[in-house]
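Novice: Could you have a look at this structure, given as structure tokens, before my questions?
Every read-out reported here was derived from the displayed coordinates using simple, explicitly stated rules and does not represent laboratory data. This structure is a prediction, so every number in the text was calculated from the model and none was measured. When we count neighbours, we look across all protein chains shown, and the Cβ atoms used for this are built from the backbone with ideal geometry, even at glycine.
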Amino acid sequence: MSDFLFGTVGAPISTPKKPGGSVGAIQTLSDLGLHAFELGWVQSVRVSEETCALIHQESQSKGVSLSVHAPYFINLNATDEEWPKSRQRLMDAAYYGNLAGATDIIFHPGSYFERPAKEVLKIAIPRLQGCLSELCVNGNPVTLRPETMGKPALLGSIEDTLEMSSSVPGVLPCLDFAHLHARPGDGSINSSAEWSALLEKYASKLGGKSLHALHIHLSGIEYTGKGEKNHLPLRESDLRLKELFQVLKISSCRGRILCESPVMEEDAVYMMNLWESV
């Protein structure tokens, strides 16, 4: 088995109309030799328990590991009035995700609203703790993964996600290397030295074994001085993918790599083949 399972965030473009949906997506990925799928519930969680059972069954029969991308409209730094709605979206993704057989729930952690990260984390961490406590009581074993974000105005620096993860058991980062590269806006975080330092920071904060359960998002990315603009096909971007893979290999990293490029399954297969050749 490869050190990394490769797949897509959302259904592959080539998923046929029938059976379509997540079941069809799992079949399509399996046919391409890909073994990971992130259910793209990014607008809202509108899925029945029956559908979840079918997704779970299909993923098990095809040997495809599942995660969920929770709705975009989650903000750990929402106002007290808005937070219950944000929280419900995350908890719905965790509830139905677990029924569908997903082990990890990825979400965008929110915005700083121009406040210092330290202050925002004082609000975000107790809220996350509350979510995890409820999942624990309900016997739901999913891992919640705040994603590293591509704009400096957003909660989701590598430091933010590591702080949340080290403070709350059951929370781990989703490392989006395209976002991490775009976030500073100056073309940095695109070299072996920078990636090695980032992984060292990760391991020192969360323990060496944490590098064996990474959840990575990858795509090409276009950015400005203000950070992320949009995702690009990998070969149309300046991300030094081969060097990144060499660093991941040297650091004995394992886990899942999910593609978010506009040509997602094509780039997922490309990454899988590149990984094997590195």
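Novice: Taking the condition of being within 17 Å of residue 104 (Cα to Cα) and surrounded by fewer than 17 Cβ atoms within 10 Å (Cβ to Cβ), how many residues in region 168-189 meet it? Give the steps one after another, and end with the answer.
Specialist: Step one: filter region 168-189 for residues within 17 Å of residue 104 (Cα to Cα), giving 168-176.
With the extra rule that they be surrounded by fewer than 17 Cβ atoms within 10 Å (Cβ to Cβ), the set shrinks to 169.
Selection size over region 168-189: 1.
Novice: Look at residue 80 and say whether it is surrounded by fewer than 16 Cβ atoms within 10 Å (Cβ to Cβ) and over 19 Å from residue 213 (Cβ atoms). Give the steps one after another, and end with the answer.
Specialist: On the way: surrounded by fewer than 16 Cβ atoms within 10 Å (Cβ to Cβ): yes; over 19 Å from residue 213 (Cβ atoms): yes.
So residue 80 fits the description; yes.
Novice: Moving to a separate point now. In region 195-212, how many are of a type in the set (S, T, N, Q) and surrounded by fewer than 19 Cβ atoms within 10 Å (Cβ to Cβ)? Step through it out loud before you land on a result.
Specialist: Step one: of region 195-212, the residues of a type in the set (S, T, N, Q) are 196, 204, 210.
Keeping just the survivors that are surrounded by fewer than 19 Cβ atoms within 10 Å (Cβ to Cβ) gives 196, 204.
Qualifying residue count for the region: 2.
Novice: Quickly run through region 115-159 and pick out the residues that are in a loop (DSSP other than H, G, I, E, B) and over 24 Å from residue 177 (Cα atoms).
Specialist: Step one: filter region 115-159 for residues in a loop (DSSP other than H, G, I, E, B), giving 115-116, 138-142, 148-153, 155-157.
Of everything in region 115-159, those that are in a loop (DSSP other than H, G, I, E, B) and over 24 Å from residue 177 (Cα atoms) turn out to be 115, 138, 139, 140, 141.
Novice: Looking at region 100-154 only, could you name the residues that are under 26 Å from residue 257 (Cβ atoms), free of Cβ contacts under 8 Å to residues at least 40 places away in the same chain and among the aliphatic types (A, V, I, L, M)?
Specialist: Once the filter is applied, which keeps residues that are under 26 Å from residue 257 (Cβ atoms), free of Cβ contacts under 8 Å to residues at least 40 places away in the same chain and among the aliphatic types (A, V, I, L, M), region 100-154 yields only 132.
Novice: Exactly one of these conditions fails for residue 93: (1) over 29 Å from residue 27 (Cα atoms); (2) surrounded by 20 or more Cβ atoms within 10 Å (Cβ to Cβ); (3) in contact (Cβ under 8 Å) with a residue 40 or more places away in the chain; (4) not hydroxyl-bearing (Ser, Thr, Tyr). Give me its number.
Specialist: If we test residue 93 against (1) over 29 Å from residue 27 (Cα atoms); (2) surrounded by 20 or more Cβ atoms within 10 Å (Cβ to Cβ); (3) in contact (Cβ under 8 Å) with a residue 40 or more places away in the chain; (4) not hydroxyl-bearing (Ser, Thr, Tyr), just (1) comes out false.
Novice: Residue by residue through region 214-234, note down the ones that are in contact with an Asp or Glu (Cβ under 8 Å, 6 or more places away or on another chain) and either within 18 Å of residue 273 (Cα to Cα) or among the aliphatic types (A, V, I, L, M) (or both).
Specialist: Of everything in region 214-234, those that are in contact with an Asp or Glu (Cβ under 8 Å, 6 or more places away or on another chain) and either within 18 Å of residue 273 (Cα to Cα) or among the aliphatic types (A, V, I, L, M) (or both) turn out to be 216, 217, 218, 219, 220, 221, 232, 233, 234.
Novice: Go through region 126-162 and count every residue that is crowded, with 23+ Cβ neighbours inside 10 Å and of a type in the set (Lys, Arg).
Specialist: 1
Novice: Restricting attention to region 6-22, which residues are surrounded by fewer than 19 Cβ atoms within 10 Å (Cβ to Cβ) and under 28 Å from residue 109 (Cα atoms)? Let's see the steps before the verdict.
Specialist: Here is the first cut: in region 6-22, the residues surrounded by fewer than 19 Cβ atoms within 10 Å (Cβ to Cβ) are 13-14, 16-21.
Listed by number, the residues that qualify are 13, 21.
Novice: What pairs come out if I take residues in region 76-88 that are within 24 Å of residue 148 (Cβ to Cβ) and without any contact (Cβ under 8 Å) to a residue 40 or more places away in the chain and pair them with residues that are surrounded by 12 or more Cβ atoms within 10 Å (Cβ to Cβ) and not hydroxyl-bearing (Ser, Thr, Tyr) whose C-beta lies under 6 Å away, six or more apart or interchain?
Specialist: If the second residue must be surrounded by 12 or more Cβ atoms within 10 Å (Cβ to Cβ) and not hydroxyl-bearing (Ser, Thr, Tyr), the pairs left are 86/74; 86/75; 86/78.
Novice: Any idea which of 165, 192 is out of contact with any Cys (no Cβ under 7 Å at 6 or more places or on another chain) and buried (at least 22 other Cβ atoms within 10 Å of the Cβ)?
Specialist: On inspection, the qualifying residue turns out to be 165.
Novice: Hey, another quick one. For the list (1) under 16 Å from the mean Cα position of the chain (by Cα); (2) within 26 Å of residue 76 (Cβ to Cβ); (3) surrounded by 21 or more Cβ atoms within 10 Å (Cβ to Cβ), I need the number of the one condition that residue 223 fails.
Specialist: (1)
Novice: Okay, moving on. Tell me which residues, restricted to region 74-92, are of a type outside the set (S, T, N, Q) and under 22 Å from the mean Cα position of the chain (by Cα). Even if it seems obvious, please write down each step before you answer.
Specialist: Filtering region 74-92 for residues of a type outside the set (S, T, N, Q) gives 74, 76, 78, 80-85, 87, 89-92.
74, 76, 78, 83, 85, 87, 89, 90, 91, 92 - these are the residues of region 74-92 that are of a type outside the set (S, T, N, Q) and under 22 Å from the mean Cα position of the chain (by Cα).
Novice: Quickly run through region 94-114 and pick out the residues that are in a helix (DSSP H, G or I) and not aromatic (Phe, Trp, Tyr).
Specialist: First, the residues of region 94-114 that are in a helix (DSSP H, G or I): 94-100.
Hits for region 94-114 are 94, 97, 98, 99, 100.
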